[in-house]
Structures are given as C-alpha cells and as structure tokens.
Amino acid sequence: MNTARHIAIIMDGNGRWAKQRGMKRIKGHERGAEVVRNLTVFAADHPEIEVLTLYAFSTENWKRPGMEVDFLMRLLKNYLEKETETYLRNGVRFETIGDLSRFSPALQKQIEKTKEITKDFTRLTQVLALNYGSMDEIARSAARVCEQNLPITAETLGAELESARFGPVDILLRTGGEQRLSNFLLWQSAYAELFFSPTLWPDFTTEELEEIIAQFKTRHRRFGGI
Ligand code: FPP
C-alpha cells in the first residue's frame, strides 16, 4: 500500500478566487494563508504524513507588482508570528527551502526564530518553499559538488540539494486548474504521483486532500520496475 509520507503542493488560484468576488488579489492570499494553517493542522494529525512542502514564493514571483510582493512578504512574516502557537500546539517543525538572502532582514530573522523554536518537533515538518526554484536549487547543488572536486553524478548532485533532507515527494498536487510543475521540486518529484485539482487554493479543504490521499492509495507505483 502506498504511503503518503511527503506531500508537496503548488498553491495556485488565490488571485482568481479574489477576482471572482470583486476583491483585490491580496484578499485571496490572505484567505490562502488560512488554508495553509488548516492543512498543516490536518497533516500533523495524519498518521502517514511526515512532510508537507508548500510553494509559497517562487524565484519568478518577484516579477509581480511591487505592492503584491510587499503584501506577500508582510503576510508571511505575520503568519509566522501569529501561527507560532499552531506550530507549538501541533508539534510542527518549521523549515524552508530556497534562497532567503533576498528577503528583508526582519523577515529572515522571523524565519530563523520560528525554525529555532520548532526545531525539536517531530509530528510534522512543514517546509515553505521561499524564493525557491528547482533549476536554481540544482545549479547551486552542482556548484557545491564542483567546489568539493567531486564527480557530478546523480548521487553527488542529489545529496547536495537543499531539499534532499526532506526526501522524495509521494504526492505532488497543484490546485487552481493549471497542469504544470512551474519549477517546483523537480528532482524530488521524479517518481511522485501527480494530482491536479480545479479548486482554487482559498477553497481547498482537508476533505479534498483526504480524497486525493485515498486515490493515491489505489495507484500502482512501479518506480521504473514492472
Ligand atoms: C498563487 O496564486 C499563489 C502564490 C504565488 C502565493 C502563495 C501564497 C499563499 C497561499 C498565502 C501565503 C502563504 C503562507 C504560508 C502564509 P496566484 O496569485 O498565482 O493565483 P492566480 O493564478 O489565480 O492569479
């Protein structure tokens, strides 16, 4: 039986959700943050899920209007401050992947603080992908392998990836109706089962995730074998 140990989600559809309601795009992100909290609590309580990786800000998201980028940065900082209690109460370790150096010192400090406070928790690891892109991650890994004068192989490259410590993805889900991977966890998803939901992220529920996990159980994973 398949085990849903690592679930990774491309949370898409916040802007459209808000637009459909005549609201500003940022309202969709605000509602999206609530869904992040609900799913995190659900995943912490789930007997199989050990890692939940969420694509919160990609290396390409800097191209968005300055106001939206600023809002997302504020939202993230407020979220980490406000939800520390949720991490503590549910035994969730907070982690990140991506290059944090481009974020403000205040946000970097908050990220480090939340990591430090939650570092010993083991019920769930919530990984936020922040200023993350797979191609960037792979290039940075290759540079580290070269620095060590090691041969470039799948083993050496794979071991130096920032996401290596969270292991392979079992379920890769994208909400919002598009069917693409958008530079997210390409290496770790080599054998992931893919799911695409038409639901816009602010409307996504724990019931739908349960349904996806049930479908995942029925899939026949061969990992290249027969
Ligand atoms: C994609 O929707 C969403 C993002 C680029 C940001 C994801 C952020 C959140 C879910 C909220 C904040 C998260 C945390 C952890 C506090 P989109 O804006 O591309 O939607 P669209 O395709 O409908 O325009």
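Computed from the coordinates by the stated procedures, all read-outs in this text should not be read as laboratory data. Given the structure is predicted, the values throughout are model-derived calculations rather than measurements. Note: ideal-geometry Cβ built from the backbone for every residue, glycine included; neighbour counts use all protein chains shown.
For the list (1) away from the ligand (no atom under 11 Å from the Cβ); (2) closer than 18 Å to residue 26 by Cβ; (3) buried (at least 19 other Cβ atoms within 10 Å of the Cβ), I need the number of the one condition that residue 107 fails.
Of the numbered conditions (1) away from the ligand (no atom under 11 Å from the Cβ); (2) closer than 18 Å to residue 26 by Cβ; (3) buried (at least 19 other Cβ atoms within 10 Å of the Cβ), the odd one out for residue 107 is (3).
If a residue has to be in a helix (DSSP H, G or I) and in contact with a Lys or Arg (Cβ under 7 Å, 6 or more places away or on another chain) to count, how many in the stretch 35-84 make the cut?
Count: 2.
Please pick out the residue among 123, 180, 165, 144 that is of a type in the set (Lys, Arg) and more than 19 Å from the chain's Cα centre (by Cα).
144
Are any residues in the stretch 19-46 near the ligand (Cβ under 8 Å from one of its atoms) and free of Cβ contacts under 8 Å to residues at least 24 places away in the same chain, and if so, which ones?
19
Please work out which residue is farthest from residue 97 (Cα to Cα), limiting yourself to the stretch 114-125 and to residues that are in a helix (DSSP H, G or I), touching a helix residue (DSSP H, G or I) at 6+ places or on another chain (Cβ under 8 Å) and of a type outside the set (A, V, I, L, M).
118
I'd like the full set of residues that are part of a helix (DSSP H, G or I), in contact with a Ser or Thr (Cβ under 9 Å, 6 or more places away or on another chain) and either loosely packed, with under 15 Cβ neighbours inside 10 Å or free of Cβ contacts under 8 Å to residues at least 24 places away in the same chain (or both), limited to the stretch 166-216.
208
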